[in-house]
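These notes are about the structure you will find just below.
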Amino acid sequence: MEKEMKKVGMKMSICMGITLSLCLSLVGTLTGAKQSGKFSVPGFILSFIVSLIISLMIGFLVPMKKVGEVATKNMKPGLGKKAVEALISDLIYTPVITVCMVFMNWKMATSHGEKIPFAPMLIRSLIISFIVAYVLIFIFMPLYFKLFTKNLPVPQGKPGGKPEN
């Protein structure tokens, strides 16, 4: 069963990485387009690829399921527990991805002669990214988990999958 759960974790890391990268790159590119007046498809694609690499690295290095379980071990199953697990994932993924992406975009903009202060750009992006990523993680993490565990065998024993002693 442990082997199957590792596979589930890998699949979830990939899917969450794609989901977060796609959405955060789109939000970031659209936010930048709102300020500059132009949407750049190559900029979006570059942003997506770099963000995906970062999020996959995080997903494979940090055992999100175990971190979430440790943090919520005393909580009852339900909405509150899911909210805390989503918050933990958000706090792990979002700052790293956002700082890297803002720095990359700031560096590209300033290399073309733009005079853009880094800190306000970063703070604004962090606020937007934390909100967007939290909603995405809250919605998609349980969906991906259900999707990837629906065909796994349930241990025999008492209801709820707990083996009898």
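The values are calculated or read from the model by the stated rules, or taken from the named source; none is laboratory data. Here the structure is a predicted model, which means the values were calculated and not measured. Backbone-built Cβ (ideal geometry, glycine too); neighbour counts: all protein chains shown.
Conditions (1) in contact with a Phe, Trp or Tyr (Cβ under 8 Å, 6 or more places away or on another chain); (2) assigned to a helix (DSSP H, G or I); (3) modelled with pLDDT of 90 or more, marked per residue:
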residue	(1), (2), (3)
Gly9	no, yes, no
Leu22	yes, yes, yes
Ile54	no, yes, yes
Phe60	no, yes, no
Asn74	no, no, yes
Met108	no, yes, no
Inset, instruction - With respect to Lys65, determine if the residue is modelled with pLDDT under 85, within 18 Å of Ala133 (Cβ to Cβ) and not aromatic (Phe, Trp, Tyr). - result: yes
Inset, instruction - Name every residue in the range 109-123 that is surrounded by 15 or more Cβ atoms within 10 Å (Cβ to Cβ) and either within 19 Å of Pro42 (Cα to Cα) or among the small types (Gly, Ala, Ser) (or both), in order of residue number. - result: Ala109
Legend entry - Counted residues, the range 134-165 - those being in a loop (DSSP other than H, G, I, E, B), modelled with pLDDT of 75 or more and polar (S, T, N, Q): 1
Legend entry - Checklist (1) touching a residue at least 40 places away in the same chain (Cβ under 8 Å); (2) touching a Lys or Arg at 6+ places or on another chain (Cβ under 7 Å) applied to Met75, failing item: (1)
Legend entry - Per-region count, the range 76-87, residues in a helix (DSSP H, G or I) and either surrounded by fewer than 18 Cβ atoms within 10 Å (Cβ to Cβ) or within 10 Å of the chain's Cα centre (by Cα) (or both): 7
Legend entry - Filter pass, Ile131 being assigned to a helix (DSSP H, G or I) and without any contact (Cβ under 8 Å) to a residue 40 or more places away in the chain: yes
Legend entry - Enumeration of residues in the range 40-52 that are part of a helix (DSSP H, G or I) and surrounded by 13 or more Cβ atoms within 10 Å (Cβ to Cβ): Gly43, Phe44, Leu46, Ser47, Phe48, Val50, Ser51, Leu52
Legend entry - Members of the range 8-35 found to be over 16 Å from Phe103 (Cα atoms) and free of Cβ contacts under 8 Å to residues at least 40 places away in the same chain, listed by number: Ile18, Leu22, Leu26, Leu30, Ala33, Lys34, Gln35
Legend entry - Qualifying positions in the range 24-39 - in contact with a helix residue (DSSP H, G or I) (Cβ under 7 Å, 6 or more places away or on another chain) and either in a helix (DSSP H, G or I) or not aromatic (Phe, Trp, Tyr) (or both): Leu24, Ser25, Leu26, Val27, Gly28, Thr29, Thr31, Gly32
